[in-house]
Amino acid sequence: MAGGIFSPLGSCSELEKANCHPLVCLLCHEPYQHPCLLDCYHNFCASCLRGRASDGRLRCPLCGHPSVVRGGTGLPPVDRLLQFLVDNSADGEEDVQCANCDRRCAKAELDTMYFCNTCGQPLCAPCREDTHRAKMFARHEIVSLSKRTKDIHKKCPLHEEPYIMFSTEKKSMLCINCFRDMQGESRAHCIDIETAYMQGCQRLDQAVMAVKELQSSTREAIVLLKAMIEEVRNSASEEEAAINSLFGRMQEQLSERKKTLLKAVQSQHEEKEKAFKEQLAHLACLLPTLQIHLVTCSAFLNCANKAEFLDLGYQLMERLQRIVKLPHRLRPAQTSKINSEYRAEFAHCLEPLLMLGPRRSVVGSAGGIGPGIAGTNMLPGGQCSKTLMVPSSPPASDKMSTGSMVRKPTMHRYISTKVLLAEGRETPFAEHCRNYENTYRMLQTEIQGLKDQVQELHRDLTKHHSLIKTEIMSEILQKSLQMDVQIAAHYSAVEMMRSVFEEVWEETYQRVANEQEIYEAQLHDLLQLRQENSCLTTITKQIAPYVRSIAKVKERLEPR
């Protein structure tokens, strides 16, 4: 149906599977009628595109690319090339009638038909033998029907003269009159029809080869993208499974730690409540005694005379003083606040799952309930309080090759370093970061330069098959080995600073965590840089034999 809505292309292979005919419109699925060419080089029938333009722009129904539409028709220009192919296809499918005997030839017999370019008439095989064998037709040009020459391409429409020349400047054919009317400098760009045809075929072959190469690259890109889509799908599934698994384990750990913490809270509650009740009972017993003695003093003063007061008054005063001097617990012996340090406990139980690294206690104390947790919080088995925790460091004897012992760098290592330096505090680690960043940027720049050189040489060798000088490969290999030595030396220098920084890292936990994260990331960056350099060295060694082989062949072929 003309003008029907074209459904969006679900995948790049659907169009190939549809096996679309090059002369059939993708919208109406009928042979092209006045095919129009859009800016994206997609073709559609004029009737299928009519009414789709808006504000001088027409969006492609296939890819959505906008095309500028000029003129009042609201349609892009007609594709003359495609119209020519459509016309030729229609001519080949129509029935042909012999001009001499009026015999009609079916489509299956078109190969047996001929055409006289001189007469401009089709001929069947018998008439060609009977009529055009005479001497008067000896100069007539008779060809097969498929190779007939149309008048529109044979004569100049302006002068009605046959074409004899072709202008490479204007890309148009010329008759003798057109050639005479041209200026002198334009005639230098004119060649005969046969030469122009040969040159055009050569240029068309070059253009076809370029398109075929693009087609091959496009198919490879499609295969690659399909593989990457599948990898993304698999990666998403694996990531979802890992998230669900980790979340489940985290829930189990948190649930167990929750039970422990609730027991600790209950234990603190019972002990504090028992202590407060005992103190309350003591004070409850003390208050009536004090009340009785106050009443006794008041009655004694009212009823005793001077002699009786002097006889018994000092005894009463001593009793009151002894009551006051007794150890009475008037103030609470402890606070009513119950503190379980649940945040630190939850964080500690998640450390093995989140691979945050084990922690060690800076201030050791008895009664700790686990690695890295010590203090005076009320938990089963003892009291514990908040202590300073710092991530433990790997042994200094670990070599650079043990990359699993080094924490992976975060996305914010560079930003964290900038923030640390922006604080303006002159510390040994801040000075180390300044020196490290300068050295690391220099090593990274040199590695990137070597990578670019190897990539360029590899591309020239594989794609362009050009000769590479052996000296260049030797120089790159030598530089790569030197870079490996420099990176190893810098890594050793950074590793030697560990003992110095461990003393500084005793100050505060937050600053220690930040500095250690940056430090471990620095070591990992150096490992990654060395790994890239190792791959660079391997590639260089692999390419070197081919370079030497090509050099030897060149020496044999070329004279000295």
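Hey, which of these cross-link pairs are over 22 Å Cα-Cα: Lys479/Lys541; Lys135/Lys155; Lys451/Lys554?
Values: Lys479/Lys541 13 Å; Lys135/Lys155 26 Å; Lys451/Lys554 27 Å.
Distance filter (> 22 Å) returns Lys135/Lys155; Lys451/Lys554.
For Tyr314 and Leu85 in the same chain, what is the full-extension length gain: residue separation times 0.36 nm, less their Cα-Cα distance, in nm? Before the final figure, lay out each step's value.
Numbers: separation 229, 0.36 × 229 = 82.44 nm, distance 13.72 nm.
My answer for the length gained is 68.7 nm.
Enumerate the aspartates and glutamates that Lys552 could reach by cross-link, defined here as Cα to Cα under 17 Å, with residues fewer than 8 away along the same chain left out.
Lys552 reaches Glu471.
Just reorder Ile476, Ile142, Ile539, Ile243 by solvent-accessible area, largest first, 1.4 Å probe, all chains present.
On the way: Ile476 5, Ile142 45, Ile539 70, Ile243 95 Å².
So, going from the largest accessible area down, we get Ile243, Ile539, Ile142, Ile476.
Test of the criteria: in segment 24-80, which trypsin sites (Lys or Arg not before Pro) are in a DSSP loop and have at most 11 other Cβ atoms within 10 angstrom of their Cβ?
Working: sites: Arg50, Arg52, Arg57, Arg59, Arg70, Arg80; in loops: Arg50, Arg52, Arg70.
Passing sites in segment 24-80 are Arg70.
With the dipole of segment 216-356 worked out from charges on the C-beta (+1 for Lys and Arg, -1 for Asp and Glu) around the Cα centre, which of Ala275, Tyr314, Thr218 lies farthest toward the positive end?
Result: Tyr314.
How large is the accessible surface of His458 in square angstrom, using a 1.4 angstrom probe and rounding to the nearest 10?
80 Å²
Return the loop-located GluC sites (Glu not before Pro) in segment 176-251 (DSSP other than H, G, I, E, B) with at most 16 other Cβ atoms within 10 Å of their own Cβ; answer none if there are none.
On the way: sites: Glu185, Glu194, Glu213, Glu220, Glu230, Glu231, Glu238, Glu239, Glu240; in loops: none.
Passing sites in segment 176-251 do not exist.
Can you compute 3J(HN,Hα) from phi for each residue in segment 128-134, using the Karplus curve 6.51 cos²θ - 1.76 cosθ + 1.60 with θ = phi - 60°, rounded to whole Hz and x for Gly and Pro?
Per-residue couplings from phi come out as 5, 6, 7, 9, 9, 9, 5 Hz.
Only Lys, Arg, Asp and Glu count, each charged at its Cβ (+1, +1, -1, -1), so figure out the dipole size of segment 216-356 about its Cα centre, rounded to 20 debye. Please report the intermediate quantities before stating the final value.
On the way: 19 positive and 18 negative charges, 163 e Å.
Dipole about the Cα centre, nearest 20: 780 debye.
Determine the per residue accessible area of segment 216-356 with all protein chains present and a 1.4 angstrom probe, expressed in square angstrom. Let's see the in-between values first.
Working: 11210 Å² over 141 residues.
Computed with neighbouring chains in place, this is 80 Å² per residue.
When the solvent-accessible surface of protein heavy atoms is calculated with a 1.4 angstrom probe, in what order do Met250, Met473 fall, highest first? Please list the in-between numbers first.
On the way: Met250 40, Met473 10 Å².
Accessible-area ranking of Met250, Met473, largest first: Met250, Met473.
Once the whole set of protein chains is in place, how much accessible area is left on Met228, using a 1.4 Å probe, in Å² to the nearest 10?
Answer for Met228: close to 90 Å² accessible.
Rank Tyr519, Tyr314 by accessible area, highest first, at a 1.4 Å probe radius? Don't skip to the end; give the middle numbers.
Working: Tyr519 0, Tyr314 140 Å².
Heavy-atom accessible area, descending, gives Tyr314, Tyr519.
With Kirkwood's inverse mean 1/r over C-alpha pairs for Rh, give me the Rg to Rh ratio of segment 216-356, two decimals please.
Details: Rg = 36.9 Å, Rh = 23.0 Å.
Here Rg/Rh amounts to 1.60.
Along Cα→Cβ, 7 Å out, is where each label goes; now give me the distance between the ones at Lys554 and Lys212 in nm to one decimal.
Going from the Lys554 label point to the Lys212 one covers 2.9 nm.
Keeping the other protein chains in place, figure out the carbon and sulfur percent of the accessible area of segment 216-356, with a 1.4 Å probe. Present the calculation step by step, with values, prior to reporting the outcome.
On the way: 6890 of 11210 Å².
Heavy-atom surface of segment 216-356 belonging to carbon and sulfur, 1.4 Å probe: 61 percent.
The values are calculated or read from the model by the stated rules, or taken from the named source; none is laboratory data. Computed from a predicted structure; not experimentally measured. Every residue, glycine as well, gets a Cβ built from its backbone with ideal geometry; the counts of neighbours run over all protein chains shown. For the accessible areas, the whole protein counts, side chains as well, though only heavy atoms, and no ligand, DNA or RNA atoms are used. Shrake-Rupley method; radii C 1.70, N 1.55, O 1.52, S 1.80 Å.
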